[in-house]
Amino acid sequence: MGVTPTVNGCSGPQYDGGTRYGPLPWGVARAAVLLQMFVATTPLTDSNGLVGSALAIRYLRESGEPVKPPAGGITQPVTGLRNGTLALREVAAQLRAWAR
């Protein structure tokens, strides 16, 4: 089963319940998709990484999976998503590694 978020009618990143991105908890996978959506959206290009990061971290905290990124650590997944060097699975793994 796949979930395809849309932003302004455009198809966004996909999460298929664990097979494509590995056996990750739903909260971590959803937070990674949320971060990817904000990084890839163009209306606020300069601040999308900041907004997406804040929302992903807040989402995880509200989902009962609080994370504490290392100093400067949130720039790694944002940069990786922007330049295509990190897959969604790798971003989710980074978010999960920051669990408190």
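When only residues in region 71-86 that are assigned to a loop (DSSP other than H, G, I, E, B) and touching a residue at least 12 places away in the same chain (Cβ under 8 Å) count, which is nearest to Gln36 (Cα to Cα)? That would be Ile74.
For every residue, the table says whether it meets (1) of a type outside the set (Val, Ile, Thr); (2) part of a helix (DSSP H, G or I); (3) exposed (fewer than 14 other Cβ atoms within 10 Å of the Cβ); (4) modelled with pLDDT of 80 or more.
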| residue | (1), (2), (3), (4) |
| --- | --- |
| Gly17 | yes, no, yes, no |
| Pro23 | yes, no, yes, no |
| Ala29 | yes, yes, no, yes |
| Val33 | no, yes, no, yes |
| Val39 | no, yes, no, no |
| Thr45 | no, no, yes, no |
| Pro69 | yes, no, no, yes |
| Glu90 | yes, yes, no, yes |
| Ala93 | yes, yes, no, yes |
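Of the residues Ser53, Ser63, only one is at pLDDT 85 or above, hydroxyl-bearing (Ser, Thr, Tyr) and either surrounded by 20 or more Cβ atoms within 10 Å (Cβ to Cβ) or under 12 Å from the mean Cα position of the chain (by Cα) (or both); which?
Numbers: Ser63 fails: either surrounded by 20 or more Cβ atoms within 10 Å (Cβ to Cβ) or under 12 Å from the mean Cα position of the chain (by Cα) (or both).
Unique residue meeting the criteria: Ser53.
The values are calculated or read from the model by the stated rules, or taken from the named source; none is laboratory data. Owing to the predicted nature of the structure, the values given are computational and were not obtained by experimental measurement. Cβ: placed from backbone, ideal geometry, glycine included. Neighbour counts: every protein chain shown.
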